[in-house]
Amino acid sequence: MSRPGRDDSPDRLYTLTGGRTRSAPDNPFDLVTLVVAEDDPVTGMQSEHAAILRLTEHPTAVVELAAELRLPVSITKILLSDLLAAGRVSARHPRRAVSDPDVLEQVLVGLRNL
């Protein structure tokens, strides 16, 4: 059963990705990777690529892009790989949380001293 507002027909998804089912093995994208546009959309660009560039004027997570585009995450990653290879987007992972107990204790002491 398909959800309202989604067009997940296999033909459409096949066309969007040029028949690819997976992105490159060195694909840097996971669900929380932040994507930022490095370029503006240009005339003649695939509409989904242009939409990604408009949505990523500010850092946006891959999962958010997939939701906005109403596409499966796997398809979104393939489209992002195309844009990354063309130098139109950059990808970065969110900073990891500090888990060093000494650093956390210093922060706690600093907060208590306020």
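Go through the range 30-35 residue by residue and turn each phi into a ³J(HN,Hα) via Karplus (6.51, -1.76, 1.60, θ = phi - 60°); whole Hz please, and just put x for glycine and proline.
10, 4, 9, 4, 8, 10
At a temperature of 10 °C and a viscosity of 1.306 mPa s, determine how fast the range 64-114 diffuses translationally according to Stokes-Einstein, using the Kirkwood radius over alpha-carbon pairs as Rh; express D in µm²/s, rounded to the nearest whole number.
In µm²/s, the coefficient rounds to 111.
Going through the range 34-93, which GluC sites (Glu not before Pro) have at most 16 other Cβ atoms within 10 Å and a DSSP loop state?
Those that pass, being in a loop and sparsely packed, are Glu38, Glu57.
Laboratory data are not the source of any read-out in this text; all were calculated from the coordinates shown. Every value quoted in this text rests on a predicted model; they were computed, and no experiment measured them. Ideal geometry is used to build each Cβ from the backbone, glycine not excepted, and the neighbour counts take in all protein chains shown.
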